[in-house]
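The structure appears below as structure tokens.
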């Protein structure tokens, strides 16, 4: 009986995790909108369903959670329980990310990534500088940008 309860609790906990409209994503959206940039959200017709799409500049931005996308920073730590499950799940996420970026690049899209550690935690960057840097990249012709905590 305990297994059923544990399974139900895990399912509820996993269902509570948001895939979009996260706090870091909302912070980026607000900052870029204030900078005069307009975008599409979560484009299902593009590989990886990018968080923000800027068709005018042929650019997409992913706002990645450090835990869910296996970033090498202080916000990522392997869970102590169900280690095989988590290594498989997070490993799949990272592999899917790489495939999506490759497919987008092959289709002529410029790809930007903003990591959660750039926006929160002990390595967070100055938010106005982060927004300026990202907005400048979107308006440029540079192929990629990665913004992560310092």
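Observations, loosely collected:
- Pairwise FRET efficiency - residue 86 versus residue 106, Cβ, R0 = 35 Å, nearest 0.05: 0.70
- Percent antiparallel among DSSP beta bridges (both partners in the chain, rounded to 5): 35 percent
- Largest mean-square fluctuation among 57, 109, 86, in a Gaussian network model of the chain whose springs join Cα atoms under 10 Å apart, belongs to 86.
- Every helix of 4 or more DSSP H residues in the chain counts as -39500 (n - 2.57), and over all residues that averages to -14000 deg cm²/dmol at 222 nm.
- Among 66, 117, 133: highest mean-square fluctuation, GNM of the chain, C-alpha pairs under 10 Å: 133
- Tensor-based shape of segment 75-122 (alpha-carbon gyration tensor, a/c under 1.5 rounded, otherwise prolate or oblate): oblate
- Listed residues 29, 105, 56, most fluctuating in the chain (Gaussian network, C-alpha, under 10 Å): 56
- Descending semi-axes in whole angstrom, ellipsoid equivalent of segment 52-93, from the Cα gyration tensor: 29, 11, 6
- Mean separation of Cα contacts under 8 Å (6+ apart) over length of the chain, as relative contact order %: 22 percent
- Hypothetical label at residue 34: residues of segment 111-150 whose amide nitrogen lies under 14 Å (7 Å Cα-Cβ projection): 126-135
- With N the number of residues in the chain, Rg(Cα) / (2.2 N^0.38 Å) evaluates to 1.13.
- On Cα atoms only, tilt of 127-139 relative to the major axis of the chain in degrees: 60 degrees
Read-outs: derived from the displayed coordinates by stated rules, not from any lab. Everything numeric in this text was worked out from a predicted model, so none of it was measured. All Cβ positions, glycine included, derive from the backbone under ideal geometry; neighbour counts span all protein chains shown.
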